[in-house]
Amino acid sequence: MILRTKSLILSLMVLVALCCNACGVYSFTGTSISPDIKTISIQTFENSAGEGPSNLSQVVTNSFRNYYQRNTNLTVLQRDGDLQLEGQIITFTLTPNAVVREGNIDQATLNRLTMGIQIRFTNAKDPEQDFDQQFTITEEFPPTVDITNIPPAAIDRMTDRLVADVFNKTVANW
């Protein structure tokens, strides 16, 4: 009985593997990268916004490189990859979001941080997939937080969300 169950499980595993193989390009991370794509180059993201922490450019660039390395089999190059990702940080602003009036004074009860990046994506093997697009993410903070003391963990969270959006557009075709 145990031998029969093990044989059945093994047979099902082989069948699933063959089906996935027969379906073409598939990945358990949700990517759909052509088999002839082997490399990606990710340039340093310059901070054109002029705001944010001094290491914002490095945080964003490293987040992109790490995410693509973790979630694809692509080799990350300095330049001339099969896929090429360039961009810049174009927005890093903190604005009042929820304002209440107390007497004659308007006071923010929430501030919204907006972080935006401009992405230029080039697919050297399939230029029809190239794009130049802006991606923006927001997060709310209490009014006591100003742009000079945004917690690093919050910037990491926002960056991770931006990276996931760009990843989905570039290699997951979402």
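Observations on the model:
- When restricted to residues that are in a loop (DSSP other than H, G, I, E, B) and small (Gly, Ala, Ser), segment 59-106 contains 2.
- The numbered conditions (1) over 23 Å from GLN58 (Cβ atoms); (2) assigned to a helix (DSSP H, G or I); (3) β-branched (Val, Ile, Thr) are all true for ILE155 except (1).
- Members of segment 63-96 found to be surrounded by fewer than 16 Cβ atoms within 10 Å (Cβ to Cβ) and within 30 Å of PRO142 (Cβ to Cβ), listed by number: ASN66, THR93, THR95, PRO96
- Scanning segment 130-148 for residues that are exposed (fewer than 13 other Cβ atoms within 10 Å of the Cβ) and either among the aromatic types (Phe, Trp, Tyr) or under 13 Å from LEU56 (Cα atoms) (or both) yields PHE131, THR148.
- Which listed residue is over 16 Å from the mean Cα position of the chain (by Cα), modelled with pLDDT of 95 or more and not acidic (Asp, Glu), from ALA164, ALA108, ALA124: ALA124
- Some residue of segment 122-129 being surrounded by 15 or more Cβ atoms within 10 Å (Cβ to Cβ) and of a type in the set (Val, Ile, Thr): yes
- Here ALA172 passes the criteria (1) without any contact (Cβ under 8 Å) to a residue 40 or more places away in the chain; (2) in contact with a Gly (Cβ under 6 Å, 6 or more places away or on another chain) except the one numbered (1).
- Qualifying residue in segment 36-55 (condition: hydroxyl-bearing (Ser, Thr, Tyr), more than 20 Å from ASP165 (Cβ to Cβ), surrounded by fewer than 16 Cβ atoms within 10 Å (Cβ to Cβ) and at pLDDT 95 or above): yes
- Whichever residue in segment 111-121 is surrounded by 15 or more Cβ atoms within 10 Å (Cβ to Cβ) and under 14 Å from the mean Cα position of the chain (by Cα) and, among such residues, is farthest from ASN97 (Cα to Cα): PHE121
- Candidate set from segment 149-159 (those that are touching a residue at least 60 places away in the same chain (Cβ under 8 Å) and under 15 Å from the mean Cα position of the chain (by Cα)); member that is surrounded by the most Cβ atoms within 10 Å (Cβ to Cβ): THR159
- For the condition in contact with a Phe, Trp or Tyr (Cβ under 8 Å, 6 or more places away or on another chain) and among the polar types (S, T, N, Q), GLN134 does not qualify.
The values are calculated or read from the model by the stated rules, or taken from the named source; none is laboratory data. Since we're looking at a predicted model, the values are computed, not measured. Virtual Cβ from ideal backbone geometry, glycine too; neighbours counted across all protein chains shown.
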